[in-house]
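For reference, the structure discussed in these notes is given below.
The values are calculated or read from the model by the stated rules, or taken from the named source; none is laboratory data. None of these values were measured; they are calculated from a predicted model. Every residue, glycine among them, receives a Cβ derived from its backbone with ideal geometry; neighbour counts consider all protein chains shown. Accessible surface areas use protein heavy atoms only, side chains included; no ligands, DNA or RNA. Shrake-Rupley method; radii C 1.70, N 1.55, O 1.52, S 1.80 Å.
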Amino acid sequence: MRNGLRTAVLGAVLVLATACGSAGAPVDPAPVGDVAPPQPANVGGADNAGGGGTTDTSCSPLASLRPTSGTSITSGSTMARIKQNGKLVAGVDQTTFLFGFRNPTSGQLEGFDIDMVNEIAKAIFGSAEGRVQFRAIPSKLREDVLEKKQVDIVVRTYSITCSRLKRVAFSTAYYQAGQRILVESGSKVTQLSDLAGRRVCATKTSTSLTKIAADPSKPVPVSVDNWSDCLVMLQQKQVEAVSTDDVILAGMLAQDPTLKIVGDRFTEENYGIGVPKENEDMVRYVNAVLENVRGGAWQTSYAKWIGNKLEGGTPPSPQYK
């Protein structure tokens, strides 16, 4: 009797389970094709423009302090303190291919800017091996970390401008770039004015974003923390174009050959090494290192990272006060 009752109960359960599962095919309330891809974090607009200060002409921005005679270190200097601490602390990028990026295989930071940091460390310590503490920072924090003495130098595709010189000091220019435009390969865009009313990406407080926001054709500025975020937004069709320095765009193109760089340069960007404003001895020392770098290490680094991607290949001549 008990066995019969147990069989009846199990049969009833199976009938109920079958009835519950036969209400019809499941319906996806949000089909995949209707879901917009997520944006990178902290996406903004033109409110983040202006930090680069490209319209400020109150100084001669490329004129830096004259270098020390050689790279020996004097007692009590900023370099002596760095040497005693055992590390050169450098603010860099880890998302810009060719200039400052993390090698996915080794996990090490590499690129043209990283090579410049290592040359400075080599001058101070005799070797860069184990002597650099890299701090990855977004472009909008470059002045902040120098003012707060959280880093000794910033080497991060950092354009020298009069506006920035009011807050930090710069070395002589070690690289000259120019702003251009990156679009999908099928795009008919050839200049910034073709992007009137369209979304164009650049990083926050960059000279590139300032130029986009000020253009009379009125493209729509989209601001992000890092250049890699711009690449993602272009690939996801969340912006029509990316506009910044040609060497940064060349790094994006190397990662995604379905894109193209268009138009001539419409700005001149001179990269300098940022130093806390009061550390004038460090500025002079870095300029002495750059004098040596221009004699050979610059060309070696350029050939490794940039030579087969852009025309050029000579360091800019230094200008001194």
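Is the C-alpha gyration tensor of region 190-276 telling us rounded, prolate or oblate? Criteria: a/c under 1.5 is rounded; beyond that, a/b larger than b/c is prolate, otherwise oblate.
Note, shape of region 190-276 comes out rounded.
Summarise the long-distance tail of P(r) for the chain by giving the % of C-alpha pairs beyond 37 Å.
Counting every Cα pair in the chain, those more than 37 Å apart make up 27 percent.
At 222 nm, what helix-only mean residue ellipticity would the chain give, in deg cm²/dmol to the nearest 500, using -39500 (n - 2.57) for each DSSP H run of four or more?
My calculation for the chain gives -9500 deg cm²/dmol from helical runs alone.
Step through the table entries Lys122/Lys321; Lys148/Lys309; Lys148/Lys321; Lys83/Lys204, compare each Cα-Cα distance with 28 Å, and write down the pairs that go over it.
Checking Cα-Cα distances, Lys148/Lys309; Lys83/Lys204 exceed 28 Å.
In vacuo Debye scattering of region 71-146, one point per C-alpha: log10 I(q)/I(0) at q = 0.11, 0.14, 0.16, 0.22 Å⁻¹?
So the normalised log intensities work out to -0.30, -0.48, -0.62, -1.02.
Relative contact order (percent) for the chain, with alpha-carbon contacts under 8 angstrom and 6 or more residues of separation?
27
Per residue, what accessible area does the chain have, given a 1.4 Å probe and all protein chains present, in Å²?
With all protein chains present, the chain gives 49 Å² per residue.
Note down the magnitude of the dipole of region 119-245 about its Cα centre, charges +1 on Lys and Arg C-beta and -1 on Asp and Glu C-beta and zero elsewhere, to the nearest 20 debye.
It works out to roughly 260 debye.
If you count, for each residue, the other Cβ atoms within 10 Å and average over each peptide, how do 256-269, 150-163 line up from highest to lowest?
Highest-to-lowest ranking by the protection proxy: 150-163, 256-269.
Would you mind calculating the relative contact order of region 227-310 from Cα pairs under 8 angstrom and at least 6 residues apart, reporting the percent as a whole number?
Averaging sequence separation for qualifying contacts and normalising by length gives 24 percent for region 227-310.
Can you find, among Val247, Cys201, Leu146, the residue sitting farthest towards the positive end of the charge dipole of the chain, where Lys and Arg contribute +1 and Asp and Glu -1 at Cβ?
Leu146
Percent of accessible area on the chain owned by carbon and sulfur, 1.4 Å probe?
Its accessible area is 51 percent carbon and sulfur atoms.
State, as an integer percentage, the relative contact order of region 164-321 based on alpha-carbon contacts under 8 Å between residues 6 or more apart.
Relative contact order for region 164-321 comes out at 36 percent.
If packing is taken as the average number of other Cβ atoms within 10 Å across a peptide's residues, how do 74-86, 125-137 rank, most packed first?
125-137, 74-86
Only bridges whose two residues both fall in the chain count here: according to DSSP, what percent of them are antiparallel, nearest 5?
55
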